[in-house]
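A.B. asks: Have a look at the structure that comes next, please.
The values are calculated or read from the model by the stated rules, or taken from the named source; none is laboratory data. Since the model is a prediction, treat every value here as computed from it, not as a measurement. Neighbour counts are summed over all protein chains in view; Cβ atoms, including those assigned to glycine, are modelled from backbone coordinates with ideal geometry. Side chains are part of the model used for accessible areas, which takes the heavy atoms of the whole protein and leaves out ligands, DNA and RNA. Shrake-Rupley method; radii C 1.70, N 1.55, O 1.52, S 1.80 Å.
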Amino acid sequence: MKFSFSSEQEEFRSNLRRFLGERSPTKEVRRLMATDAGFEAAAWRKLNSELGLTAVRIPEAYGGQGFGFGELCIVLEEMGRSLLCAPFFSTAVLATGAILNAGTEAEKQALLPGIAAGDTVATLAWVEQSSRWDAAATTLTAKPSGSGYVLDGFKSYVLDGHTADLIVVLARAPGSSGDKGLSLFTVKGDAKGLSRKLLKTMDETRKLARLDFKGVEATLLGEAGAAAAPFARTMVEAAVCLANEMAGVSDRLREDSLEYAKMRMQFGRAIASFQSMKHKHADMLVDVELAKSAAYYAAAALDEGDDDVVAVASLAKAAASDAALQTAVHAIQIHGGIGFTWDNDTHLWFKRAKSSEVLLGDAHHHREQMMQHWAA
């Protein structure tokens with residue numbers, strides 16, 4: 001079997017790489033990561049008005065472009081390469097995925113056009129005290145109140161939760177447990193009773209927040225008590241998307257390390273000519289290409305509705321996690337002591353690789369998920 005991108009997809013990738021290279025140089029990354037928001041609203045709107053990136057996966061019926069995961073994952077891979085500081089993953093992957101998978105036709109018509117246009121920054125909140133990525137650990141409760149619901153509890157590690165205009169929240173009916181009684185709700189970012197706190201993290205290019213809900217009014221998304229399946233589907237899609245983003249991070253680290261090795265002179269010649277250095281670069285190339293292959297295949301599996309997409313998604317995330325972290329370690333070693341200094345940019349991608357490794361579950365978690373799927 002031979003897999004390759006179409007000429008249109010390659011042209012899209014080329015244009016996007018050039019655009020992001022101009023809009024997200026490391027100087028701009030450093031400036032934005034030092035802010036509390038982590039991005040600029042005007043630049044975010046301009047990014048979407050010029051390229052319509054948040055609309056890539058959204059169907060045309062809801063104001064989107066109607067492309068598949070193949071195109072969306074190209075965007076994420078290139079954003080990983082450029083380390084773009086923007087609420088794209090939280091908005092275009094997590095929140096959009098939850099709305100498409102769980103929402104009714106009327107809810108999609110109401111919520112998705114704003115996301116597609118770049119006017120709405122959205123996110124998905126589901127992780128709590130246990131730090132588990134599955135739905136069964138949910139304790140935040142949703143109680144009926146009048147024509148709606150009120151939420152009580154908290155969520156942590158919410159991507160861009162402190163700046164989101166729209167928050168999709170996973171909650172459960174009081175007294176329920178496991179996958180029973182789970183529902184998804186939408187909450188406005190400025191809702192009364194909602195407290196949002198920016199968390200201090202190692203990777204400042206991806207902002208995380210803690211959200212506290214005290215009698216917060218919420219609107220049901222989809223069917224009450226039936227959120228387990230659409231949430232699980234959203235997590236599978238998110239794992240594939242993150243794997244592709246991590247492939248971009250890995251490839252950028254590999255390329256930058258190779259350029260440095262060609263430039264760095266020792267004993268009168270470039271260190272890239274040393275045999276041990278050649279072995280290290282060969283190992284990096286193999287790791288990155290394997291991660292890319294798994295990530296691309298997983299994106300295609302989503303588009304084609306493959307029955308084994310759950311296992312394929314976990315395989316891609318596990319492979320990308322291993323490759324990103326190992327490539328980052330090699331990159332630091334190749335750069336030597338300067339590689340982890342503040343003045344060198346390598347540590348920025350190293351931190352993103354480490355944070356993405358654990359986001360949505362590390363490699364061990366996803367290998368376990370893969371084996372459970374095959375066993376079932």
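A.B. asks: Which net charge results for the neighbourhood of V329, defined as the other residues with beta-carbon distances under 13 angstrom from its beta-carbon, given Lys and Arg at +1 and Asp and Glu at -1?
C.D. replies: Working: positive: R254, K280, K351, K354; negative: D283, D287, D322, E357.
Once positives and negatives cancel, what remains is 0.
A.B. asks: Right, next: To the nearest 10 square angstrom, how much accessible area does W342 have with a 1.4 angstrom probe?
C.D. replies: 140 Å²
A.B. asks: On to the next question. Considering the options V56, G68, A98, tell which one lies farthest towards the positive end of the dipole of region 49-200, charges being +1 on Lys and Arg and -1 on Asp and Glu at the Cβ, about the Cα centre.
C.D. replies: Farthest along the dipole direction, towards plus: A98.
A.B. asks: For the chain, take the longest principal axis of its alpha carbons; what is the angle in degrees between that and the long axis of helix 346-358, to the nearest 10 within 0 to 90?
C.D. replies: Approximately 40 degrees, to the nearest ten.
A.B. asks: Count the net charge of all other residues whose Cβ sits under 14 Å from the Cβ of A191, scoring Lys and Arg as +1 and Asp and Glu as -1. Intermediate values should be presented prior to the final figure.
C.D. replies: Values: positive: K155, K188, K192, R196, K214; negative: D152, D165, D190, D212, E217.
Neighbourhood net charge equals 0.
A.B. asks: Here is a further query. Looking at the square roots a ≥ b ≥ c of the eigenvalues of the Cα gyration tensor of region 1-111, which shape do they give, rounded for a/c under 1.5, prolate if a/b is larger than b/c, or oblate? Each step should come with its number before you reach the end.
C.D. replies: Working: a/c = 2.06, a/b = 1.17, b/c = 1.77.
Note, shape of region 1-111 comes out oblate.
A.B. asks: Do me a favour and compute the ellipsoid semi-axes for region 200-285 from its Cα gyration tensor, root of five times each eigenvalue, largest one first, whole Å. Working shown, then result.
C.D. replies: Working: eigenvalues 450, 59, 12 Å².
Semi-axis lengths for region 200-285 are 47, 17, 8 Å.
A.B. asks: To check my understanding: the extent here is largest minus smallest coordinate of the Cα atoms along each principal axis. What are those three numbers for region 93-157, in Å, largest first?
C.D. replies: Answer, in whole Å and largest first: 35, 30, 19 Å.
A.B. asks: Just how much of I332 is accessible, in Å², when a 1.4 Å probe is used and the result is rounded to the nearest 10?
C.D. replies: Its accessible surface works out to 30 Å², give or take rounding.
A.B. asks: In 10 Å bins starting at 0, how do the alpha-carbon pair distances of the chain split up by percent?
C.D. replies: Taking every Cα pair in the chain, the percentages come to 5, 24, 33, 24, 10, 3, 1, 0.
A.B. asks: Report, in deg cm²/dmol and to the nearest 500, the calculated mean residue ellipticity at 222 nm for the chain, where each DSSP H run with n ≥ 4 adds -39500 (n - 2.57) and the sum is divided by the residue count.
C.D. replies: On the way: 11 runs with 189 residues, N = 376.
It lands at -17000 deg cm²/dmol.
A.B. asks: Let me ask another. Using unit Cβ charges (K, R positive; D, E negative) and no other charged atoms, how large, in debye to the nearest 20, is the dipole of the chain about its Cα centre? Could you put the intermediate results ahead of the total?
C.D. replies: Working: 41 positive and 47 negative charges, 238 e Å.
Value, rounded to 20: 1140 debye.
A.B. asks: Further, regarding this structure: Run through region 167-233 and list the GluC sites (Glu not before Pro) located in a DSSP loop whose Cβ has at most 16 other Cβ atoms within 10 Å. Walk me through the numbers before you get to the answer.
C.D. replies: Values: sites: E204, E217, E223; in loops: E204, E223.
When the GluC sites (Glu not before Pro) of region 167-233 are filtered for loop state and at most 16 Cβ neighbours within 10 Å, E223 remain.
A.B. asks: Using a Förster radius of 25 Å, what is the FRET efficiency between T35 and T139 based on their Cβ-Cβ separation? Nearest 0.05, please.
C.D. replies: Numbers: r = 32 Å, r/R0 = 1.29.
Step by step, r from the Cβ atoms, then E = 0.20.
A.B. asks: I'd like to know which of L211, V312, H347 lies farthest towards the positive end of the charge dipole of the chain, counting +1 on Cβ of Lys and Arg and -1 on Cβ of Asp and Glu.
C.D. replies: Ranked along the dipole, the leading option is H347.
A.B. asks: Let me ask something additional. Could you check which residue among P113, P144, P230 shows the biggest mean-square fluctuation in a GNM of the chain with a 10 Å Cα cutoff?
C.D. replies: P144
A.B. asks: Can I ask one more? Given the peptides 61-70, 344-353, 83-92, 20-29, arrange them by the average over their residues of other C-beta atoms within 10 Å, most packed first. If you can, show how the numbers build up before the last one.
C.D. replies: Values: 61-70: 17.4, 344-353: 21.8, 83-92: 25.1, 20-29: 15.2.
Result, highest mean Cβ count within 10 Å first: 83-92, 344-353, 61-70, 20-29.
A.B. asks: Once you charge only the Cβ atoms, +1 for Lys and Arg and -1 for Asp and Glu, what is the size of the charge dipole of region 13-66 about its Cα centre, to the nearest 20 debye? Intermediate values should be presented prior to the final figure.
C.D. replies: Values: 10 positive and 6 negative charges, 52 e Å.
It comes to approximately 240 debye.
A.B. asks: Under 11 Å from the Cβ of I167, count the other residues' Cβ atoms, weight Lys and Arg +1, Asp and Glu -1, and hand me the total. Intermediate results must be reported in sequence, preceding the final value.
C.D. replies: On the way: positive: K155, K188, R196; negative: D160, D165, D190.
Its environment carries a net charge of 0.
A.B. asks: Based only on Cα atoms, what mean projected area does the convex hull of region 237-314 have, in nm²?
C.D. replies: Numbers: hull surface 21.5 nm².
Its Cα hull, projected and averaged over all orientations, spans 5.4 nm².
A.B. asks: If you average 1/r over every pair of different alpha-carbon atoms in region 312-366 and take one over that average, what Kirkwood value in Å do you get? Mind showing how you got there, number by number?
C.D. replies: Numbers: mean 1/r = 0.0865 Å⁻¹.
Taking every pair of different Cα atoms in region 312-366, averaging 1/r and inverting gives 11.6 Å.
A.B. asks: Going by a ≥ b ≥ c, the root eigenvalues of the Cα gyration tensor, does region 207-355 fall in the rounded group (a/c under 1.5), the prolate group (a/b larger than b/c) or the oblate group? Mind dumping the intermediate values first?
C.D. replies: On the way: a/c = 4.61, a/b = 1.92, b/c = 2.41.
Note, shape of region 207-355 comes out oblate.
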